[in-house]
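The values are calculated or read from the model by the stated rules, or taken from the named source; none is laboratory data. Keep in mind that what you see is a predicted model, and the values were worked out from it rather than measured. Neighbour counts run over all protein chains shown; Cβ positions are idealised from the backbone, glycine included.
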Amino acid sequence: MNVLMISPGFPAEMAFFTRGLSAVGASVIGLGDQPSAALPTTARKALSHHVYVASLADEAAVLQTVRDLNQHVRIDQVECLWEPYMMLAARLREEFELPGLNRSQTEPFRDKELMKTVLDRAGLRTPQHDSTETVAGVWAAAERIGFPLIVKPIDGAGSADTYRVDSVADLNDVLPMIGHVRRVSVEEFIDGEEFTFDTVCANGEILFENICWYRPRPLQARSHEWISPMTIALRDLSVPDLRDGRTLGAAVIEALGFRDGFTHMEWYRKSDGEIVFGEIGARPPGGRTVDLMNYATDADLFTAWAEAVVHGRVSQDLDRRYNAASIFKRAVGSGYITGHEGLDRLLTECGGSVAALDLLPVGAHRRDWRATLISDGMVIVRDYELSKTVQIADRFASELTMHAS
Ligand SMILES: Nc1ncnc2c1ncn2[C@@H]1O[C@H](COP(=O)(O)OP(=O)(O)OP(=O)(O)O)[C@@H](O)[C@H]1O
Ligand SMILES: [Mg+2]
């Protein structure tokens, strides 16, 4: 089985998915804008061949390159787990008549308006929504939906250009800030807790599911630098509070006709218990969440995904053993990391629960906390009990301080 893996070395987790494909017996051909020598070793070692292209965004050139490649080696499958090139992958599948999502099946995963329209038709609860390319259109949508609202790009990521709007005055303030966004989604603001529903599927069956609880909600985390955002992969998915979210998630996957690979959905649970759909991607979650799932299960979800897409099954034991929480740290001050405070005490008192510790070293330049959830570093803690996991994660959020100047 020859699998063409788009961008096998970037973002960083792609190398592990690439390794997974080779571990389950596929012959993996890389296609990406990193020359072989620039690939992470993990990816390079897993590839039987790598095709370098100057830009993955130049679809016509990439197509021609792959046509030429296909003269020499038969391509059986195209995989891409990175959002910007999902459409390219779909285009290649159509060209070579391969299984997997084609362009029209990919579109609802990319266009948040179309996504919700398809789900509305299936009778699933989405926020009231509209999309528009004009200022007048935004006002009309606001009039129809009412405040509070969310205004966001139709194909955004990382909560960029996403605003909560509570009033006419807010909308007046926000409009100039989204002037560069071609098409916006205007949505009913859903107040509540926010969760993920992530799966690995094969042949339309869910073989693995995961739910993360975001603390706080991503939009809040992205609006205030002092927050240490947290993502908690929950151990026990059988609790009543999660039941309707899981049912919704399975219905969404079915409505969109998704069959093989990773999905990452977000959903809301209102205080009255109502469950509302947020969004879905035909790819794994970012922000090191696949690592988090690995710490929750003591398994290797990178390889589990590969086995699912290549062989249609998962043979690893994916039982959930822990709640696993990632805490992302943002240094106080700008410039270079000068040190941290509180870590020694936390490691003495709760080191047994720490599964991973990946903080920027002293001397490193701070990362842009708005552009990357990882920010200046990450800690993963885990425990069998949720209350204990939350308690320890809260300590890392509040008692560990990184400094920069
Ligand atoms: N209708 C809504 N009601 C309440 N909050 C919302 C709504 N739409 C978006 N948000 C908030 O904004 C965040 C970002 O929106 P969304 O998930 O649609 O876009 P994104 O930029 O793709 O997200 P991601 O951060 O997952 O890449 C959500 O996680 C949520 O906190
Ligand atoms: Mg989102």
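When segment 358-405 is examined, which residues are found to be among the aliphatic types (A, V, I, L, M), over 19 Å from the mean Cα position of the chain (by Cα) and within 30 Å of Thr162 (Cα to Cα)?
Result: Leu359, Leu360, Ala364, Val381, Val390, Ala393, Ala397, Leu400, Met402, Ala404.
Counting only residues that are under 20 Å from Ser326 (Cβ atoms), not in a strand (DSSP E or B) and not aliphatic (A, V, I, L, M), how many does segment 260-295 have?
10
When only residues in segment 148-190 that are in a loop (DSSP other than H, G, I, E, B), surrounded by 15 or more Cβ atoms within 10 Å (Cβ to Cβ) and of a type in the set (A, V, I, L, M, F, W, C) count, which is farthest from ligand 1 (Cβ to nearest atom)?
Val181
For segment 260-280, give me each residue that is over 15 Å from Gly249 (Cβ atoms) and polar (S, T, N, Q).
Matches in segment 260-280: Ser271 only.
Report yes if Ala306 is of a type outside the set (S, T, N, Q), within 16 Å of ligand 1 (Cβ to nearest atom) and either closer than 23 Å to Gly377 by Cα or buried (at least 21 other Cβ atoms within 10 Å of the Cβ) (or both), otherwise no.
Against the criterion (of a type outside the set (S, T, N, Q), within 16 Å of ligand 1 (Cβ to nearest atom) and either closer than 23 Å to Gly377 by Cα or buried (at least 21 other Cβ atoms within 10 Å of the Cβ) (or both)), Ala306 does not qualify.
Return the residues of segment 1-22 that are crowded, with 17+ Cβ neighbours inside 10 Å and of a type in the set (Gly, Ala, Ser); say none if nothing qualifies.
Correct list: Ser7, Gly9, Ala15, Gly20, Ser22.
Just to verify a result, which residue in segment 338-392, among those that are assigned to a strand (DSSP E or B), touching a helix residue (DSSP H, G or I) at 6+ places or on another chain (Cβ under 6 Å) and without any contact (Cβ under 8 Å) to a residue 60 or more places away in the chain, is nearest to Gly158 (Cα to Cα)?
Restricting attention to segment 338-392, the residues satisfying the condition of being assigned to a strand (DSSP E or B) are 338-341, 354-359, 365, 377-383.
Adding the requirement that they be touching a helix residue (DSSP H, G or I) at 6+ places or on another chain (Cβ under 6 Å) leaves 355, 379-383.
Cutting the leftovers down to without any contact (Cβ under 8 Å) to a residue 60 or more places away in the chain gives us 379, 381.
Working: Val379: 20, Val381: 23 Å.
Out of the qualifying residues, it is Val379.
Using the structure shown, decide if Leu81 is in contact (Cβ under 8 Å) with a residue 24 or more places away in the chain, assigned to a loop (DSSP other than H, G, I, E, B) and touching a Pro at 6+ places or on another chain (Cβ under 7 Å).
Details: in contact (Cβ under 8 Å) with a residue 24 or more places away in the chain: yes; assigned to a loop (DSSP other than H, G, I, E, B): yes; touching a Pro at 6+ places or on another chain (Cβ under 7 Å): yes.
Against the criterion (in contact (Cβ under 8 Å) with a residue 24 or more places away in the chain, assigned to a loop (DSSP other than H, G, I, E, B) and touching a Pro at 6+ places or on another chain (Cβ under 7 Å)), Leu81 qualifies.
Could you identify the single residue in Gln64, Gln34 that is surrounded by 16 or more Cβ atoms within 10 Å (Cβ to Cβ), of a type in the set (S, T, N, Q) and modelled with pLDDT of 95 or more?
Gln34
Restricting the search to segment 127-147, which residues are in a loop (DSSP other than H, G, I, E, B), more than 22 Å from Arg269 (Cβ to Cβ) and touching a residue at least 40 places away in the same chain (Cβ under 8 Å)?
Passing the criteria: only Glu133.
Going residue by residue through segment 107-121, is there one that turns out to be in contact with a helix residue (DSSP H, G or I) (Cβ under 8 Å, 6 or more places away or on another chain) and either assigned to a loop (DSSP other than H, G, I, E, B) or in the same structural domain as Val174 (by TED's automatic domain parsing) (or both)?
no
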